[in-house]
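The values are calculated or read from the model by the stated rules, or taken from the named source; none is laboratory data. A quick note: this is a predicted structure, and the numbers were derived from the prediction, not measured. Positions of Cβ are backbone-derived with ideal geometry, glycine not excepted, and every protein chain shown enters the neighbour counts. To get the accessible areas, we keep the full protein, side chains included, count just its heavy atoms, and leave off ligands, DNA and RNA. Shrake-Rupley method; radii C 1.70, N 1.55, O 1.52, S 1.80 Å.
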Amino acid sequence: VEGLSIDFLVYNVYGFTCYALFNTAFFFSKRIGDEYARRNDGHQNLVRFNDLFFSYHALILSLVTFAQSFYYKRGPTQNASLTARVFFFGTISGLCLSLVFSSGYNTVYLLSFIKLGCSMIKYVPQAWLNYRRKSTVGWSIHNIILDLTGGILSFAQLIIDAA
């Protein structure tokens with residue numbers, strides 16, 4: 001895993017964990033679904049079984065990749081950065097506070113914002129690592145292609161569901 005940013009792995013696993021929990025709450029919780037309908041003029045949420053399946057599929061594959069980073073050879077400085085650790089523990093603290101002082105619905109939405117944040121920043125550490133090393137050895141373009149394809153298909157599903 002030399003050449004692979006550990007921060008990318010951390011953000012990916014954390015983001016997909018939040019996404020899976022978000023989808024699980026919307027798919028199974030009547031209370032969350034009712035709150036959604038109340039706040040959105042009676043409209044039902046659009047989380048379907050395929051969303052649930054995808055989020056857990058992505059989480060499991062991300063966990064496999066993350067686990068490989070412990071098994072295969074790593075460079076001596078390949079650890080999660082302070083920035084990634086602060087992001088992780090800061091958002092976990094926010095989730096805990098939200099669980100105590102806010103509604104479950106707001107906490108579930110906070111999960112979605114954390115996932116969005118992870119998606120927006122997860123490639124930055126890898127790009128920085130590649131720049132510093134002047135090499136992309138250890139990084140697979142397939143991750144980006146899969147993310148891009150998934151994003152496009154997700155938007156396509158939203159358009160179809162909205163029609």
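What the table below lists for this structure:
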read-out	value
Residue within the range 109-122 that is at pLDDT below 95, open to solvent by less than 30 Å² (accessible area, probe 1.4 Å) and within 17 Å of S29 (Cα to Cα) present	no
Pair list, Cβ under 7 Å, 6 or more apart: the range 20-43 residue within 27 Å of L59 (Cα to Cα), other residue open to solvent by 100 Å² or more (accessible area, probe 1.4 Å) and of a type in the set (S, T, N, Q)	G33/Q44
Residue within the range 27-43 that is within 15 Å of L111 (Cβ to Cβ), modelled with pLDDT under 95 and either open to solvent by 80 Å² or more (accessible area, probe 1.4 Å) or among the polar types (S, T, N, Q) (or both) present	no
Whichever residue in the range 125-144 is part of a helix (DSSP H, G or I) and open to solvent by 90 Å² or more (accessible area, probe 1.4 Å) and, among such residues, is nearest to L61 (Cα to Cα)	H142
Residue match in the range 128-136 (condition: under 20 Å from C18 (Cα atoms) and not hydroxyl-bearing (S, T, Y))	no
Only listed residue being open to solvent by 50 Å² or more (accessible area, probe 1.4 Å) and among the small types (G, A, S), chosen from S102, S154	S154
Exclusive hit being in contact with a Leu (Cβ under 7 Å, 6 or more places away or on another chain) and closer than 24 Å to N45 by Cβ, set L99, L110	L110
